[in-house]
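Single-structure report; data block below.
The values are calculated or read from the model by the stated rules, or taken from the named source; none is laboratory data. Owing to the predicted nature of the structure, the values given are computational and were not obtained by experimental measurement. Glycine gets a Cβ as well: all are built from the backbone with ideal geometry, and neighbour counts include every protein chain shown. Quick note on the areas: whole protein, heavy atoms, side chains included, nothing else; ligands and nucleic acids left out. Shrake-Rupley method; radii C 1.70, N 1.55, O 1.52, S 1.80 Å.
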Amino acid sequence: MPFDGIPLASQTLAWASIAVALKPTEQISIWRWADKNIYLPRGTTPKWGQYRTDLVPMSREIMEVLSPNHPCKKVVAMISSQLFKTQVGLNFINFNIAHNPQTILVVYPTIDLAEDWSQDKFTPIAQASPLVKNSLAVAKSRDGSNTILKKSFSGGSLKIAGANTPSSLASRGGAILYCDEVDRYPASAGIEGDPITIAERALIAYQDQCKEYISSTPTIKSLSRIFKEFQLSDQRRYHVPCPHCDELQVLKWENFKWDIGQPETAHFVCESNGCVIREASKITMLPDAPMGGSAKWIAGNPGSRIPGFHAWAAYASLGMGLSWHTLAEKWEECGRDPEKEKAYINIYRGECFDDPTEKLDWEVIKSRATPYALRTIPAGCLMLTGAVDVQGNRLELQIVGWGRDGKVWVIDSVALPGDPTKQGVWDELDKILLTPMINRFGVSMLVRACGIDSNYLTDEVLKYVRTREHRGIFALHGSKIQGRQAIGSATQQDRNARGNKKKTGVKSWLIGADTLKHTLFLWLQADGKDGMDETNRRVHFSQGLPDEYFTQLCAEIYDPHKKMWVKQQTRNEALDTFIYNIAASRHPKLRLHLFRESDWARFEQVIEPATGDLFSPPPTDLKPAETPAAPPQDEKISFSTQHSQTIKKSPNFATRW
């Protein structure tokens, strides 16, 4: 026998301990457990003291499906700010520390926010709740078992990570995953990819008992992670009874009414019978069946196995959030300001803002293409620029034409396959840039400025540019700072034997990539206005361009919350080379954006002479005329030996090409 020679009293105690250890964990729902064991100290919530689910009855079902006895593996909550989603997450975590010990990972958008959650939310509540406090290891000065971002307890551990730091996500697995404010996560955790996907890897080894809770206030529809997760869920919305006719209904924004200028009159109109619903009726409207009422969550997509919940600020219990009066008042304060309305819709209505200016539809842009062939010069095109994006196995070249009133034509977009560390592909680029295109007037046109991105394979780019700057070929690099001017200052790249910069060496020009993308998107959005016909559009595309060009052009979206451009697909070379072309057109010694009508008129006299036949094909026996150089303001310029106009000042960068 295992206890031979041990006193009977000790044997009894040992068997009792074994029985306790082998006794299965009581199957209790998180909300019932929280009502008994969670205490909210002052400063953590408006209603401090013993936690009570009946004060926020909508949260009950979310905690029910997060409980281990429910079969679902993932729960999604797209909820307004400061409603109840974070407290549900805290109850979820504390339950799996004190009652159902598991290895837990909590992820916040940044390490700083993760620390704030740990210090301001988790720790005060854990320390005020005896069962949780007794489960956690006591912090010691030289013991790493209990720190701000790591907590140990019998049967598991809690690790808190920032989605912006790959190292904090690496190797932090567990059966329980809580991702909060996912719409504020970066697009990628360093170079490792989507933070949620990385965090979810940890669940693979715990499929039988894993649970994942994803919550957030939504942002822009096209970028919102929580919206995408909610769309995949069963899409539950809270239906409450009308206090007058008992008809169940969702509290919808369109039924939220008040007299303009009198937000204190705010009320809902019953969707079924037009009854006026006052806020005081929340006391009887909000409780569900287990809480003594008749409200309930109803799924809009019942075929999904993922429970998903949406609620907004109008559902806040009395004294637990913004009143209807305040919600109406805050909407009036927006004053039709788009940015304020966007924030209101996200924060208080818990909905995505579907802003058409944040995203371009590539199919819509493609539909504007017109029937001119690539590498031909449309009427009105008076100047050509080029831009090159360097990739590991190719060069991506785009040539753009410019004319009066800011008109732009895409003349060509081509990939030159080859190793950029070898001369061959650069020779191919030279052939294209040195091959003139002849317009319908028999005038030959060359690319007059070409910017090449030097952020990748910098030495190879500078090697190519170094002997070609006199042809208007220059290196450029994008600024990471927002709001930079389109093209800024140039920096010397070559150094002498002492390591000092050479005054006559090759230069690289700083460009404001963020500014240029905003500029291009505004052009394309303006071209899409109702009633805008082909002749009035600013940007023109050839029908010869493939679909891939347009998907690349629309590959990024601006996220105003993160204040950055976010890729929606891997390839975006068409977008990059287009904005490099805009930078080339604004080079300090070209400055097409500053051209006056008189400047364009001089160019037109040579490029599209009045004696030419616009509708006849280019003459085959005509020797191409030289293209005029760019006429910088108040500078001397010689267009050709046959056509010349003189403006006082010495020759410069533009006239020497």
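Work out, in µm²/s and without decimals, the Stokes-Einstein translational diffusion coefficient of region 251-304 at 10 °C, 1.306 mPa s, Rh from Kirkwood over C-alpha pairs.
121 µm²/s
If R₀ is 35 angstrom, what is the calculated FRET efficiency for the pair LYS529 and ASP194, using the beta carbon separation as r and rounding to 0.05?
Calculated transfer efficiency: 0.50.
Which label marks the calculated value of mean projected area of the Cα convex hull in nm², given the options (i) 37.1; (ii) 43.6; (iii) 31.6?
(ii)
With each label point set 7 Å from Cα along the Cα-Cβ vector, what nm distance links LYS480 and ASP419?
About 3.0 nm, to one decimal.
For region 277-355, run through the trypsin sites (Lys or Arg not before Pro) and keep only the ones in DSSP coil with at most 15 other Cβ atoms within 10 Å of their Cβ.
Filter output for region 277-355: ARG278, ARG305, ARG336.
Amide H of LYS221 versus every other amide H placed in the peptide plane: which residues, excluding those fewer than 5 positions away on the same chain, fall under 5 Å?
Amide H neighbours of LYS221, under 5 Å, 5+ apart: PHE353, ASP354, ASP355.
5 Å is the cut-off here: which amide hydrogens, built 1.01 Å from N in the peptide plane, fall below it relative to TYR39, excluding neighbours closer than 5 in sequence?
TYR51, SER129
When ranked by the protection proxy of mean other Cβ atoms within 10 Å per residue, highest first, what sequence do the peptides 230-238, 421-429 form?
230-238, 421-429
Report relative contact order for region 229-298 in percent, whole number only (criteria: Cα-Cα under 8 Å, sequence separation at least 6).
32 percent
Taking the chain as the reference, fit the longest principal axis to its C-alpha atoms, fit the long axis of helix 573-585 to the helix C-alpha atoms, and give the angle between the two in degrees, 0 to 90, nearest 10.
It works out to around 50 degrees.
Give the relative contact order (percent, whole number) for region 180-226; include only Cα pairs under 8 Å separated by 6+ residues.
RCO, region 180-226: 48 percent.
Give me the distance between the Cα centres of region 199-276 and region 479-539, rounded to whole Å.
Cα centres, region 199-276 to region 479-539: 43 Å.
Give me the net charge for the shell around GLU279: Cβ to Cβ below 13 angstrom, other residues only, Lys and Arg +1, Asp and Glu -1.
It works out to a net charge of +2.
Run the numbers for LYS563 and ARG538: contour at 0.36 nm per residue of separation, minus the present Cα-Cα distance, in nm.
Full extension of this stretch gives 6.3 nm more.
Roughly what angle does helix 85-98 make with the longest principal axis of the chain, taking Cα atoms, 0 to 90 degrees, to the nearest 10?
Here the helix axis deviates by roughly 50 degrees.
How do TYR558, TYR315 rank by accessible surface area computed with a 1.4 Å probe, from largest to smallest?
If we order TYR558, TYR315 from most to least accessible, we get TYR558, TYR315.
In a Debye calculation with equal point scatterers on the alpha-carbon sites of region 420-490 and no solvent, what is log10 I(q)/I(0) at q = 0.22 Å⁻¹?
With one equal scatterer per Cα and no solvent, log10 I(q)/I(0) is -1.01.
Which angle from 0 to 90°, rounded to the nearest 10, does the C-alpha axis of helix 597-607 make with the longest principal axis of the chain?
Compared with the principal axis, the helix lies near 60 degrees.
Report the Stokes-Einstein translational diffusion coefficient (µm² s⁻¹, integer) for region 440-554, Rh taken as the Kirkwood radius over Cα pairs, at 10 °C with viscosity 1.306 mPa s.
Value of D from the Cα-based Kirkwood radius: 92 µm²/s.
Quick one: which residues, 5+ away or cross-chain, put their amide H under 5 Å from the amide H of ASN301? H built at 1.01 Å from N.
For ASN301, the qualifying residues are GLN235.
Return a whole-number percent for the relative contact order of the chain, with Cα pairs under 8 Å and 6 or more residues apart as the contact set.
Dividing the mean separation by the residue count of the chain yields 10 percent.
From the C-alpha gyration tensor of region 315-363, pull out the three semi-axes of the equivalent ellipsoid (sqrt of 5λ each), sorted largest to smallest, in whole Å.
Its equivalent ellipsoid spans semi-axes of 28, 13, 5 Å.
From zero outward in steps of 10 Å, how is the percent of C-alpha pairs of region 385-438 spread across the bins?
Taking every Cα pair in region 385-438, the percentages come to 23, 49, 22, 7, 0.
Using the Karplus equation 6.51 cos²θ - 1.76 cosθ + 1.60 (θ = phi - 60°), what ³J(HN,Hα) coupling, rounded to whole Hz, does each residue of region 455-467 give in order, writing x for Gly and Pro?
The phi angles translate into 6, 10, 6, 3, 4, 5, 5, 5, 4, 5, 6, 3, 9 Hz.
Summarise the accessible area of the chain (1.4 Å probe, protein heavy atoms) by the percent that is carbon and sulfur.
Accessible surface attributable to carbon and sulfur in the chain totals 51 percent.
In the chain, with Lys and Arg counted as +1 and Asp and Glu as -1 at Cβ, which of these residues, ASN393, SER29, TYR344, has the Cα nearest the positive end of the dipole, that is, farthest along it?
Of the listed residues, the answer is ASN393.
Where q = 0.17, 0.19, 0.28, 0.29 Å⁻¹, what log10 of I(q)/I(0) comes from the Debye formula for region 81-142, counting one point per Cα?
Per q value, in the given order, log10 I(q)/I(0) is -0.63, -0.79, -1.39, -1.41.
What's the lysine pair count for region 146-226 at a Cα cut-off below 23 Å, pairs eight or more apart or interchain?
5
As a test of the formula, what do you get for the chain when each DSSP H run with n ≥ 4 contributes -39,500 (n - 2.57) and the sum is divided by the residue count, at 222 nm and rounded to the nearest 500 deg cm²/dmol?
Dividing the helical sum by the residues of the chain leaves -7500 deg cm²/dmol.
Among 316-323, 157-164, 368-375, how do they line up by average Cβ neighbours within 10 Å per residue, starting with the highest?
Top to bottom by mean Cβ count within 10 Å: 157-164, 316-323, 368-375.
Taking region 175-223, which GluC sites (Glu not before Pro) meet the DSSP loop condition and have no more than 13 other C-beta atoms within 10 Å?
GLU192
With the dipole of region 49-193 worked out from charges on the C-beta (+1 for Lys and Arg, -1 for Asp and Glu) around the Cα centre, which of PRO71, GLY155, ALA187 lies farthest toward the positive end?
GLY155
Give me D for region 245-397 in µm² s⁻¹, whole number, from Stokes-Einstein with Rh from the Kirkwood sum over alpha-carbon pairs, 4 °C and 1.567 mPa s.
Taking Rh from Cα pairs, D becomes 63 µm²/s.
Could you report the chain's accessible area per residue, 1.4 Å probe, as an integer in Å²?
Spelled out: the 1.4 Å probe surface of the chain, per residue, equals 47 Å².
Run the paramagnetic zone check for GLU339: 7 angstrom along Cα to Cβ, then residues of region 540-566 with backbone nitrogen under 15 Å.
Taking a point 7 Å out along Cα→Cβ of GLU339, the residues of region 540-566 whose backbone N falls under 15 Å are 559-564.
Going by Cα centres, region 348-402 and region 88-105 are how many Å apart?
Measuring centre to centre over Cα atoms gives 50 Å.
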